Every structure is written in C-alpha cells, then in structure tokens.
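The structure appears below as structure tokens.
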C-alpha cells in the first residue's frame, strides 16, 4: 500500500513539473501560452495587434486559453533568436522578422524586393499569407506558422528634400534589411544598419544622414527633431519588412482538438489582415501628423519612381542569381507574388477604432510635375498629441554601425 501511495504521489509531482500544455490539456483546465516579441509595451505592434489578438483567442476559447504577452525580449535572447525560441520551445509563440537572419529565409525575401510590393500593409499582408501557403511551407517547417504579415513600407526621412535620384548621392541612410541596403546603394546612397533605439544618437552624432524606415518610427524615435523632409512613393515602395507569428509545433499539437480549432480560427488571413490593417492605420495617422506639423512630404510620382525602379533592377537580378544558386525559381516566386498583390489590391482602406485618436485626412492633389510636395496649413483641430510617441525600452548607447549590404539587421520598434 505504501509503495502504491508513493507511486501515486510521484506521478502527481511529475505532472506538475511537466510542460504546461501537457498537464493542462484536459477540457476543464486552462492552457497558458507565452508570446514573446521585441517591440516595446507601448508600441502599436504590442498594443494594437498582439495584445488584441491574444485577448481575441482567449475570448474564443471561453477562457481555456490564456496568453501571457512578453514585450521587449523579456524572456531573454536577441530579436534575431525569436524564431529559434519558437522552434525550441523557449516561447510558445513569437512575432519575428525573418529578415533579421539574412539568407536563412530566402523565399520570403520576394516581398522585400524593391518596387515589387504594394504601398499598403494590408494588401501586402494578405498577399504574403496566401503566398506562404504555397511557397513557404519548407522554410518554416520547424514551427507552426499562425500568420505572415508585412509592416508599413519604408519612407526616406532626411534633413533636406529628396526629389530625384541625384539628391540621394552619398547620403548615409538607416535601412531595415539587406535588400533595402542593396537598393539604396544602387541609388547612390549608403545603407547603414544600427540598432533602432540608437538611431537618434546616430543622427545627432552625424553617423547617419537619414532613414529609410516606416512612418510609425517617426514618433517613437522622435525623428521630427532631426528630419523634416519625407519622401514617399506613388505605387510600389522601395522597401519593407516581413513578419511571422509562429507557434512551437509541439505546443500546438498537444492542444485538445477544440482549442486547436480556436487557434486555427484566429490564424491565417484573419490574423494577417489584423496586423496589416494596424500598420496602415498607424502610417496614415503619423503621415498626417507630420504634415500638420509643417514637415515637407514629397510623394514621387509614377514617372519618377520608374527611374528609381530602373536603377534598382540590379538588386533584383542579383537576387534571382542567388536563388538559382540555391535551386529556387525566383522568377516564379516574383510572378506569384505579383498575381496575389493584384488579387488583393482593392481591399478596403482600414478604419481606426473609435477609441483611437481621430485621424486627419491627408492632403491629396494630382501631381503636376515630377513629384508632389505637400506642406499643408495647420488646421486648428490638428494637434501634435494625435499620435502619442511610444517610449523606448532600450537605453541609447554609442551607435554600432555596419555598412550595407548589412549582415546583421536592425531591430524595428
């Protein structure tokens, strides 16, 4: 009897010490999942996508799934290690940037090629999600992908007006990934990568002259203190970054069938559209804000973008050669991406929630010359507080600089 009692107690202790999913898979108990990412706790990515997504899953599971969200790499490691954390089970779910490990995820780079994607994150995200279902299964086989998405496109932020390619000559620009670095180099500039929290220090110490970054970083990094000129693109943009929301395979497989259905119902296009819409809303709010503050926003027209596109064709040719060396048909990937982008091109513009600050309408006029420059008057109702700048969690130190094409990517906020 005593031996039987000891065996029973031993089994209880083992079950308590085991993985959360293993011991909480019963229908009447709660599964707790850890979601890890590198954005700050006051960033739009955290507040307006990841946390709402997690709460949506919890609600759909009637409280049987709990998702604890850990921002700012609170579980340890570096942003470039997030994918491996999901693979190895350090975290149950991660939001990672494949481009932070250059060369590892070659096929997803299709959406980071210059002037291929849409200027809208929602369109890019939905297209990438469908693209992934056909083309990215092998690259992401070590995890259970929940969704793929794209951040808002890169805009050139500088201290002087950029209207033509010649205006870029020798400018040192912060870039998001290796293809962005190669693209600005083809345009006569120099791509530089520094950790994103150190960008303000790099600007103030003249290590860089500007940035090729999304609109959302302008308030978070207080770029308006340094850079009053912003060059955007009509149609396809020069650069962007891709994301994957990935789950540990074993964690997913060990869920009860009904909880798997909850995860599945909040994955794929559902989650991709949620992320893409968030970035589009944020981009519009920030671009309107900088206009209202009196910054100069130049939108290059299709004719001028054509010249930029031609100058960056070498980047695409080089990428196609790299794909051939890896036995990957890059031309088919580009064609598939283009067809999917056309499929989703007419997606409705996302609207901000009523709880968010009211958006100001952008000033749009048909371009008359090579580009459109917007310096709208400041309406009385337009306030700088319309978009609250997120706080930076990481301390700013001396900039760590690497020249393009960057081998180690920066950390988007």
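Key figures
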{"quantity": "Exclusive hit being modelled with pLDDT under 95 and either assigned to a helix (DSSP H, G or I) or assigned by TED's automatic domain parsing to the domain that holds residue 255 (or both), set 42, 57, 69, 94", "calculated": "42"}
{"quantity": "Subset of the range 172-198 (residues that are assigned to a loop (DSSP other than H, G, I, E, B), touching a helix residue (DSSP H, G or I) at 6+ places or on another chain (Cβ under 8 Å) and more than 15 Å from residue 315 (Cβ to Cβ))", "calculated": "194"}
{"quantity": "Filter pass, residue 221 being more than 15 Å from the chain's Cα centre (by Cα), surrounded by 22 or more Cβ atoms within 10 Å (Cβ to Cβ) and over 15 Å from residue 111 (Cα atoms)", "calculated": "yes"}
{"quantity": "Residues of the range 163-181 satisfying the condition of being in contact (Cβ under 8 Å) with a residue 24 or more places away in the chain, surrounded by fewer than 23 Cβ atoms within 10 Å (Cβ to Cβ) and within 25 Å of residue 303 (Cβ to Cβ)", "calculated": "163, 164, 165, 171"}
{"quantity": "Residue in the range 304-318 that is in contact with a strand residue (DSSP E or B) (Cβ under 6 Å, 6 or more places away or on another chain) and either in the same structural domain as residue 62 (by TED's automatic domain parsing) or modelled with pLDDT of 85 or more (or both) present", "calculated": "yes"}
{"quantity": "Residue count, the range 134-171 (criterion: touching a strand residue (DSSP E or B) at 6+ places or on another chain (Cβ under 6 Å), assigned to a loop (DSSP other than H, G, I, E, B) and within 21 Å of residue 330 (Cβ to Cβ))", "calculated": "0"}
{"quantity": "Subset of the range 292-329 [out of contact with any helix residue (DSSP H, G or I) (no Cβ under 9 Å at 6 or more places or on another chain), assigned to a helix (DSSP H, G or I) and crowded, with 18+ Cβ neighbours inside 10 Å]", "calculated": "305, 309"}
{"quantity": "Cβ pairs under 8 Å, 6+ apart, first in the range 141-162 and touching a residue at least 60 places away in the same chain (Cβ under 8 Å), second assigned to a strand (DSSP E or B) and surrounded by fewer than 19 Cβ atoms within 10 Å (Cβ to Cβ)", "calculated": "161/296; 161/373"}
{"quantity": "Selection from the range 264-277 of residues that are in contact with a helix residue (DSSP H, G or I) (Cβ under 7 Å, 6 or more places away or on another chain) and over 12 Å from residue 123 (Cα atoms)", "calculated": "265, 266, 268, 271"}
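The values are calculated or read from the model by the stated rules, or taken from the named source; none is laboratory data. Treat the numbers as computed from the prediction; the structure is a model and nothing was measured. Heads up, the Cβs are rebuilt from the backbone with ideal geometry, glycines too, and the neighbour counts pull from every protein chain shown.
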